[in-house]
Amino acid sequence: MTGRGRRLAACLGLAALALTACGKKSPPVPPEQRAPQPATDLKGNVDQSAIVLSWIPPNRRMDNTRERDFTVMRIFRVEDSGAGEPKSAILTDARIAGYEEIAAIRSVEPEPAVRSGPRLVYTDRKGLTYGRRYTYAITTGDPHGRVGPPSLRVSVSYAAAPAEPEHLVAEPGEGAVRLRWDAVSKLLDGTTATDPLKYEVLRAPSAEGDLAPAAAAVSDTALTDGNLENDREYYYAVRAVRVVAGTTVYGRPSARIAATPRDVTPPSPPANLVAIPSEGVVRLSWTASPETDVAGYIVYRAPATGGFERIGSVDVPATTYLDRTVARGTYRYVVTAQDRAARPNESRRSNEVRVTLP
């Protein structure tokens, strides 16, 4: 091989090594594929005098790779009379054409939105007029300035909400609270409520806790909230709900009221009471009551004729008692069971036994 040939072979070998070391380059990803996916599950309703929006922020890009954090979500709104289809949401120069931007939600601090689990919630009070339709869409941008496609639209028909229900009453029961209230006849704008209303019972674990629906909305003005924990205080309010052109309109909640369910069911009475007398003492024994919440047993004694008086008690699991406070004579005995309720319930009396000490 000539010197020139050797030099050419060496250059080709170096080029091959370079290609092997660097590897094959992938084709570049189009910028739009790296933009965030749209926000999902956008919902809207009227709550008293505002429109409340909620949605789930995206966590992936359009190419389905992980988006660790968005930079800003922009809320856009358009208003119309409610006739026909609402205006389409078309992205033009990072904005939605024909819509007004009403809020920017940043990832570091989402105010004026608030977080509620995986969702963000925004309350719109800007220039709302009864009888108008408001359509919303959201865009999401990343730290590199890339803006993804708009979310699906949601339209809200803005209408007057019902006034608050009055005279809410809560009656506690066994593991339940029975609630009743007066029907609502007025709307917050002072007009008469002419369309059918439903009512939603709200419950909170404390006086300052957040109210949440305790059950599905009902047409009646009464509801029993069951499956509750006895001896625990619950707080309730009620609000009326109307539906206008497909939009749910929540009324003003009533004042809160507290109620505490109570265990009011006594245990079964002890059975098979037996008394064995001996000198200066009477030994009593019985069969335990079957309930698991029995705390103890109360022993009563009476003379041959006359009323019973409590003379002592024992805690479970004991089912015997020694009466050492007797003299000669005839006595009668009964035993009752008592549960662990905050206000203990006492059972009916066991069978009565009679003994005579010589």
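The values are calculated or read from the model by the stated rules, or taken from the named source; none is laboratory data. Predicted, not measured: the structure shown is a model, and the values here were computed from it. Heads up, the Cβs are rebuilt from the backbone with ideal geometry, glycines too, and the neighbour counts pull from every protein chain shown.
Give the stretch 100-154 a look and list any residue that's assigned to a loop (DSSP other than H, G, I, E, B) and of a type in the set (Asp, Glu), or say none. If the condition is that a residue be assigned to a loop (DSSP other than H, G, I, E, B) and of a type in the set (Asp, Glu), then Glu109, Glu111, Asp142 are the ones that fit. Could we say that Tyr235 is over 30 Å from Thr330 (Cα atoms) and of a type outside the set (Gly, Ala, Ser) here? Yes; evaluated as a whole, the condition is true for this residue.
Candidates Pro112, Pro162: the one that is farther than 18 Å from Pro38 by Cα and without any contact (Cβ under 8 Å) to a residue 40 or more places away in the chain is Pro112.
Using the structure shown, decide if Arg132 is surrounded by 15 or more Cβ atoms within 10 Å (Cβ to Cβ), closer than 21 Å to Leu42 by Cβ, of a type in the set (Lys, Arg) and at pLDDT 95 or above. Against the criterion (surrounded by 15 or more Cβ atoms within 10 Å (Cβ to Cβ), closer than 21 Å to Leu42 by Cβ, of a type in the set (Lys, Arg) and at pLDDT 95 or above), Arg132 qualifies. Of everything in the stretch 303-358 that is among the basic types (Lys, Arg) and farther than 29 Å from Gly175 by Cβ, the residue that is surrounded by the most Cβ atoms within 10 Å (Cβ to Cβ) is Arg332.
Residues in the stretch 177-193 that are surrounded by fewer than 17 Cβ atoms within 10 Å (Cβ to Cβ) and in a strand (DSSP E or B): Arg178, Arg180, Lys186, Thr192. What number of residues within the stretch 303-313 satisfy the criterion of being modelled with pLDDT of 95 or more and more than 20 Å from Gln338 (Cα to Cα)? Summing the residues that are modelled with pLDDT of 95 or more and more than 20 Å from Gln338 (Cα to Cα) in the stretch 303-313 gives 2.
Residues in the stretch 71-83 that are surrounded by 13 or more Cβ atoms within 10 Å (Cβ to Cβ) and part of a loop (DSSP other than H, G, I, E, B): Thr71, Gly82.
Residue under question is Pro86, and the condition is that it be at pLDDT 95 or above and either surrounded by fewer than 19 Cβ atoms within 10 Å (Cβ to Cβ) or of a type outside the set (Ser, Thr, Tyr) (or both); does it hold? So Pro86 fits the description; yes.
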